[in-house]
Amino acid sequence: MSLGERLRGLLDLTRPGNTIAAALLTATGAFIATPDAILGGQRAALAAVAATACATAAGNAVNDYFDHEIDRINRPDRAIPRGAVSPGGALAFSVALFLGAVVSAVVLPPLAIAIAVTNLLALVAYTKLFKGLPGVGNAVVAYLTGSTFLFGAAAVGDPADAFVLFLLAAVATFTREIVKDVEDVDGDREEGLRTLPIVVGERRALWVGVATMAVAILVSPVPYVYGTLGIVYLVLVVPADAVMLGAAVQSFRDPAAGQRRLKIGMFLAAGAFLAGRATTLL
């Protein structure tokens with residue numbers, strides 16, 4: 001196999017789209033807490049973004065290491081099953097990325113470092129302990145995704161400013177992870193995993209996702225009600241809520257399309273927070 005194919009395999013391990021998205025979510029959290037931190041290129045904000053990118057890439061790589069047997073069934077196009085990277089190579093690459101995250105995070109405030117340490121431990125525990133437990137693995141991934149907003153906010157200011165966004169992102173991710181488990185039922189069952197769709201059935205699992213999404217949507221107007229964000233936020237977050245709820249319902253017919261739309265809805269919600277925060281500066 002050529003060097004170019006091996007390098008592409010390493011890049012694929014990081015899931016570049018997810019890694020860039022996570023970094024952008026951290027930047028969003030920092031902007032919501034302290035807009036000048038992002039606009040002025042504050043060192044802590046940049047360090048938080050870099051730490052998030054490294055940690056996300058590392059988590060994706062180590063997940064592929066532990067999942068490479070399952071991926072031969074569910075995701076044969078991934079780097080390890082197709083032979084672009086060996087399992088040992090993927091593990092070593094993930095360790096290097098984790099070290100990059102640690103180095104990036106050392107300049108951050110204590111609360112941000114505490115969130116980073118918690119997240120690193122959760123990433124490792126997920127791959128070894130929680131992934132196959134019904135609902136638990138989904139909840140861990142949901143927390144990790146949502147916490148990128150809290151991490152960015154804690155790096156430069158008060159993480160409470162990003163709490164509702166954390167909740168929306170976490171619930172959208174929880175629902176999306178359930179939908180992904182529905183897609184992967186065959187491979188997960190063969191590997192003996194006890195994911196939520198396997199334990200309670202696919203339709204019941206999807207209804208759990210819809211119900212949790214509905215709760216988060218009911219909470220989404222809170223920043224407007226308390227005056228933290230203005231009418232621009234409310235006008236934009238309502239369509240985002242509609243996209244996410246519609247995507248959860250669509251998952252009963254087409255899980256693949258539903259989980260893609262859930263991701264779009266989450267980014268629309270983040271955009272609503274950004275626009276709402278930006279208008280407070282005018």
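What follows draws every value from the coordinates through simple rules; no lab data is involved. Note that the structure is a prediction, hence the values are computed from the model and not measured. Using ideal geometry, Cβ is built from the backbone for each residue, glycine included, and neighbour counts are taken over all protein chains shown.
Kindly point out which whole DSSP H helices in the chain project their C-alpha atoms 20 angstrom or further along the helix axis while averaging a Kyte-Doolittle hydropathy of 0.0 or above.
16-33, 43-74, 87-105, 110-125, 136-156, 163-183, 202-219, 231-250, 255-279
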#### Entry: Neighbourhood net charge (12 Å Cβ-Cβ; Lys/Arg +1, Asp/Glu -1) for residue 145
+1
### Task
Can you find, among 81, 207, 217, the residue farthest towards the positive end of the dipole of the chain? Put +1 on the C-beta of Lys and Arg, -1 on that of Asp and Glu.
217
### Task
Provide, for q = 0.20, 0.23, 0.31 Å⁻¹, the log10 of I(q)/I(0) from a solvent-free Debye sum over equal Cα point scatterers in region 155-201.
-0.67, -0.77, -1.06
### residue 186-residue 36 pseudo-label distance in nm [points 7 Å out on the Cα-to-Cβ vector]
5.7 nm
### Task
Find out how many positive minus negative residues lie around residue 22, taking Lys and Arg as positive, Asp and Glu as negative, among other residues whose Cβ is under 13 Å from that of residue 22.
+2
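Full extension from residue 106 to residue 136: what is 0.36 nm times the residue separation minus their Cα-Cα distance, to one decimal in nm? Before the final figure, lay out the partial values.
Numbers: separation 30, 0.36 × 30 = 10.80 nm, distance 2.97 nm.
Length gained between residue 106 and residue 136: 7.8 nm.
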### Task
First select every other residue whose beta carbon is under 12 angstrom from the beta carbon of residue 196; then total the charges, Lys and Arg +1, Asp and Glu -1.
0
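May I ask you to derive the relative contact order of the chain, considering only C-alpha pairs under 8 Å and at least 6 residues apart, and to give it as an integer percent? Please report the intermediate quantities before stating the final value.
Working: 451 pairs, mean separation 53.8, N = 282.
Rounded, it is 19 percent for the chain.
Helix-derived [θ] at 222 nm for the chain: sum -39500 (n - 2.57) over DSSP H runs of at least 4, divide by residue count, nearest 500? Walk me through the intermediate numbers first.
Details: 14 runs with 221 residues, N = 282.
Mean residue ellipticity, 222 nm, calculated: -26000 deg cm²/dmol.
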### 25 Å Cα-Cα reach of residue 263 towards lysines, excluding residues that sit fewer than 8 places from it in its own chain
131, 180
#### Entry: Distance histogram in 10 Å bins (all Cα pairs of the chain, percent per bin)
7, 28, 34, 23, 7, 0
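Under a Cβ-only charge scheme (Lys and Arg +1, Asp and Glu -1), can you give me the dipole magnitude of the chain about the Cα centre, in debye to the nearest 20?
Values: 21 positive and 21 negative charges, 30 e Å.
Dipole magnitude for the chain comes out near 140 debye.
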### Query
How large is the dipole of region 30-134 about the Cα centre if only Lys and Arg carry +1 and Asp and Glu carry -1, each at its Cβ, rounded to the nearest 20 debye?
100 debye
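Relative contact order for region 108-214 using alpha-carbon pairs under 8 Å, separation at least 6, rounded to a whole percent?
Values: 119 pairs, mean separation 28.3, N = 107.
Reported relative contact order: 26 percent.
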